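**Q** The structure is given below, and queries will be raised subsequently.
The values are calculated or read from the model by the stated rules, or taken from the named source; none is laboratory data. Not measured: the values here are computed from a predicted model. Virtual Cβ from ideal backbone geometry, glycine too; neighbours counted across all protein chains shown. Calculation scope for accessible area: heavy atoms of the full protein, side chains included, ligands and nucleic acids excluded. Shrake-Rupley method; radii C 1.70, N 1.55, O 1.52, S 1.80 Å.
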Amino acid sequence: MLDAANPFHAGEIKAQRRVGVTDVADGAAGFIRPFMPDQHRAFFSQLPFLVLAGADEAGRHWVTLLDGPEGFLRSPDAKTLVIDAKPDPQDPLAGALTSGTEIGMLGIELANRRRNRLSGVFRADGARYAIDIRQSFGNCPQYIHERDWRRGPTGDAPTATRSTALTDDQIVRIRAADTLFVGTGYKGKGDHVSNGFDASHRGGEPGFVQVVDANRLRIPDYAGNNFFNTIGNLLENARIGLVFVDFETGGLLQLSGRAMIDWDAKGSQDPVALRTIDVTIDVVIDRPSALSLRWTRDDADLRELVVTDKVRESKDITSFHLAAADGSPLEPFEGGQHLPIELEIPGQLGKTRRSYSLSGDPFGETYRLSIKREDRGLASRFLHDEIRIGDRIHARRPSGEFVVSCSNCPLVLVSAGVGLTPMLSMLYAAAREDSDRPVWYVHGARNGGQHALKAEVADLLDGRANLSARVRYSRPEATDRLGIDYHGTGRVTWETLLDLNAGPDAHYMLCGPAKFLADIRNGLEGAGVPTQHIHFETFGPTG
């Protein structure tokens with residue numbers, strides 16, 4: 001069963017309240033788990049490196065990368081991650097990794113922009129390490145720059161250098177960086193699940209980390225999942241660790257210091273920053289060629305697309321139809337996948353990157369993105385307000401693991417709000433199948449004015465006895481037609497899904513806000529639905 005306790009400590013709750021988010025804990029319990037789901041176990045087991053956060057013997061906080069040969073990470077059970085590699089003696093965390101040490105971990109796959117976070121307790125296990133898992137949860141793919149990895153030369157790493165301030169060369173490298181890993185920690189009373197360290201990723205355009213001087217950095221904080229793990233930790237414990245990776249050479253620039261939060265981002269050069277993390281550096285460790293891995297940015301799949309149509313689907317959702325600018329066919333995608341796009345927005349540093357779920361036919365002649373306009377969303381406002389038919393944007397190939405994994409199982413597609421976008425592409429795929437497997441499209445909206453693409457769903461269901469829809473409006477308007485526009489009043493719940501009698505073999509695909517997903521997933525699991533039959537993707541105010 002899930003840990004029913006609030007997974008957040010006082011600092012995280014303080015940060016959430018500061019920005020007016022008061023219900024995060026209600027949904028987070030369904031995502032922050034005291035074990036690794038099978039998908040997370042498989043994910044970590046195929047990674048070539050792991051990000052670790054912890055403290056050295058002097059209490060300074062550090063974050064580092066640990067790489068190893070194929071299969072150096074494995075999960076013998078849902079509560080354990082085994083690591084068949086040890087850090088170089090020059091790593092500042094090398095001497096601290098002993099049994100009983102608390103550790104934060106981040107698994108990240110740069111090539112396809114997946115990441116999952118763990119925290120736990122370190123344990124020496126003979127010639128290898130083991131982590132006893134305390135918390136496990138996934139993250140959205142925002143701000144991750146795609147890179148492919150390869151093995152580099154092996155051998156002893158050059159001697160590390162240690163200092164108390166950045167050199168001119170190190171400042172140049174930080175200003176060129178588009179990726180940063182952060183380590184923070186919190187220790188409260190007892191053995192609460194929120195105790196321990198957190199390793200997190202930060203990304204942006206080169207220059208997104210501002211070098212104030214040789215001992216001070218300013219890191220922008222953008223819209224995210226509203227958990228505030230990093231900032232919450234810093235409100236309780238100002239110590240922080242940072243690492244910048246030289247992806248071409250495998251070098252690591254590791255910094256340890258103290259941080260404070262500028263809630264108004266007054267000193268930031270980034271107009272999109274909601275707040276900043278202002279870091280004072282105490283120690284700098286520069287480790288050339290510390291890793292055996294090398295990464296390259298692959299822009300070969302970056303192609304120019306032209307907007308062929310722009311259609312308003314509801315009060316706040318607009319669809320953008322995209323075709324290849326050179327007239328060539330588009331690559332097919334799987335229902336549920338997203339499209340990474342790059343926008344050139346006036347006044348912004350470099351390109352603005354976002355990923356939006358594809359909402360159209362996976363085998364159609366164009367791609368379609370149905371995007372909700374967020375009031376504080378940089379990209380969504382630009383797309384809604386400025387992009388016109390005939391304009392061009394750049395995109396990478398469709399990607400993502402949120403796809404239907406079974407070929408003939410009963411399928412329940414569940415969404416709320418703009419979460420319908422991946423579900424609609426899955427419904428298109430199901431309508432194309434030469435199969436009689438039952439598929440239910442279950443959607444929740446506030447009312448008809450905010451119910452996007454309802455006519456299109458009706459057309460897909462027409463004449464297909466195995467496809468059906470269940471739509472609920474939480475606040476229907478007088479003009480909404482019960483039995484035609486929607487089928488019931490209130491929110492979609494796990495009881496709604498059980499009433500379908502989809503059977504023990506059914507798979508449930510869920511997309512929507514965190515609390516919506518957590519309530520449904522917890523309810524389904526409590527009713528006996530196998531965890532491996534419940535698949536989800538969340539969204540937040542990312543814009």
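**Q** Over every pair of different alpha-carbon atoms in region 434-511, take the mean of 1/r and invert it; report that Kirkwood radius in Å.
**A** When all Cα pairs of region 434-511 are included, the Kirkwood radius is 13.4 Å.
**Q** Moving to a separate point now. Hey, how many Å between the Cα centroid of region 202-218 and the Cα centroid of region 402-473?
**A** Going from one Cα centre to the other spans 44 Å.
**Q** On a full-extension model of 0.36 nm per residue, what is the gain between Arg150 and Ala214, subtracting their alpha-carbon distance, rounded to one decimal in nm? If you can, show how the numbers build up before the last one.
**A** Details: separation 64, 0.36 × 64 = 23.04 nm, distance 3.28 nm.
Contour length minus Cα-Cα distance gives 19.8 nm.
**Q** Separate question: For region 237-310 and region 151-171, compute the distance between their C-alpha centroids and round to whole Å.
**A** Taking the Cα centre of region 151-171 as reference, the centre of region 237-310 is 17 Å away.
**Q** For the chain, what value does the Rg/Rh ratio take when both radii are computed over Cα atoms and Rh is the Kirkwood radius, given to two decimals?
**A** 0.97
**Q** Counting Lys and Arg as +1 and Asp and Glu as -1, each charge on the Cβ, what is the dipole of region 266-398 about the Cα centre in debye, to the nearest 20?
**A** Taking the Cα centre of region 266-398 as origin, the dipole is about 300 debye.
**Q** Which ³J(HN,Hα) values in Hz, rounded to whole numbers, follow from the phi angles of region 250-256 under the Karplus curve 6.51 cos²θ - 1.76 cosθ + 1.60, where θ = phi - 60° and Gly and Pro get x?
**A** x, x, 10, 10, 9, 10, 10
**Q** Now for a different question. Let me check something: with ligands and nucleic acids excluded, how do Tyr222, Tyr441 order by accessible area (1.4 Å probe), largest to smallest?
**A** Tyr222, Tyr441
**Q** Quote the convex hull volume per residue of region 141-189, based on C-alpha atoms, as a whole number of Å³.
**A** 230 Å³
**Q** Next question, about the same structure. Express the accessible area of region 368-412 per residue in Å², computed with a 1.4 Å probe while the remaining protein chains stay in the model. Please report the intermediate quantities before stating the final value.
**A** On the way: 2160 Å² over 45 residues.
Roughly 48 Å² per residue, with all protein chains present.
**Q** I've got another one for you. Using only helices, what value at 222 nm comes out for the chain when you add -39,500 (n - 2.57) per DSSP H run of length 4 or more and divide by the total residues, to the nearest 500 deg cm²/dmol?
**A** The helix contribution divided over the chain gives -4500 deg cm²/dmol.
**Q** May I ask which residue of Thr64, Ile240, Leu180 lies farthest towards the positive end of the charge dipole of the chain, with charges of +1 (Lys, Arg) and -1 (Asp, Glu) on Cβ and the Cα centre as origin?
**A** Toward the positive end, the furthest listed residue is Ile240.
**Q** Additional query: List nothing, just return the count: lysine pairs in the chain, 8 or more apart or interchain, with Cα separation under 26 Å.
**A** Taking the Cα cut-off of 26 Å, the pair count is 19.
**Q** Give me the percent of the accessible area of region 355-427 that comes from carbon and sulfur atoms, probe 1.4 Å, all protein chains in place.
**A** For region 355-427, the apolar C and S fraction of the accessible surface comes to 42 percent.
**Q** Relative to the present Cα-Cα distance, how much length would full extension add between Val19 and Thr489 at 0.36 nm per residue of separation?
**A** That works out to 166.1 nm of additional length.
**Q** Take the alpha-carbon centre of region 480-503, take the same for region 325-361, and report the distance between them in whole Å.
**A** Cα centres, region 480-503 to region 325-361: 33 Å.
**Q** Taking the Cα centre of the chain as origin, sum charge times position over the Cβ atoms of Lys and Arg (+1) and Asp and Glu (-1), and report the length of that vector in debye to the nearest 20. Working shown, then result.
**A** Numbers: 62 positive and 72 negative charges, 197 e Å.
Using Cβ point charges on Lys, Arg, Asp and Glu, the chain gives about 940 debye.
**Q** Separate question: If you wrap a convex hull around the C-alpha atoms of region 454-496 and split its volume per residue, what is the figure in Å³?
**A** Cα convex hull per residue, to the nearest whole number: 82 Å³.
**Q** Hey, if we sort Asp434, Asp316 by accessible area with the 1.4 Å probe, largest down, what's the order?
**A** Asp434, Asp316
**Q** Still on this model: Taking the Cα centre of region 350-442 as origin and charging only Cβ (+1 Lys, Arg; -1 Asp, Glu), how large is the dipole, in debye to the nearest 20?
**A** Dipole size: approximately 520 debye.
**Q** Apply the Karplus curve 6.51 cos²θ - 1.76 cosθ + 1.60, θ = phi - 60°, to the phi angles in region 216-223 and return the couplings in whole Hz, x for Gly and Pro.
**A** 9, 10, 10, 10, x, 10, 9, 4
**Q** Which one of Leu274, Gly11, Trp295 is farthest out on the positive end of the charge dipole of the chain, using unit charges on Cβ (Lys, Arg +1; Asp, Glu -1) and the Cα centre as origin?
**A** So the residue we want is Gly11.
**Q** On to the next question. Which one of Val283, Ala265, Ile317 is farthest out on the positive end of the charge dipole of region 265-329, using unit charges on Cβ (Lys, Arg +1; Asp, Glu -1) and the Cα centre as origin?
**A** Ala265
**Q** Would you kindly state how much longer the chain becomes between Trp263 and Lys315 on full extension, computed as 0.36 nm times their sequence separation minus their alpha carbon distance, in nm to one decimal?
**A** Value of the extension gain: 15.6 nm.
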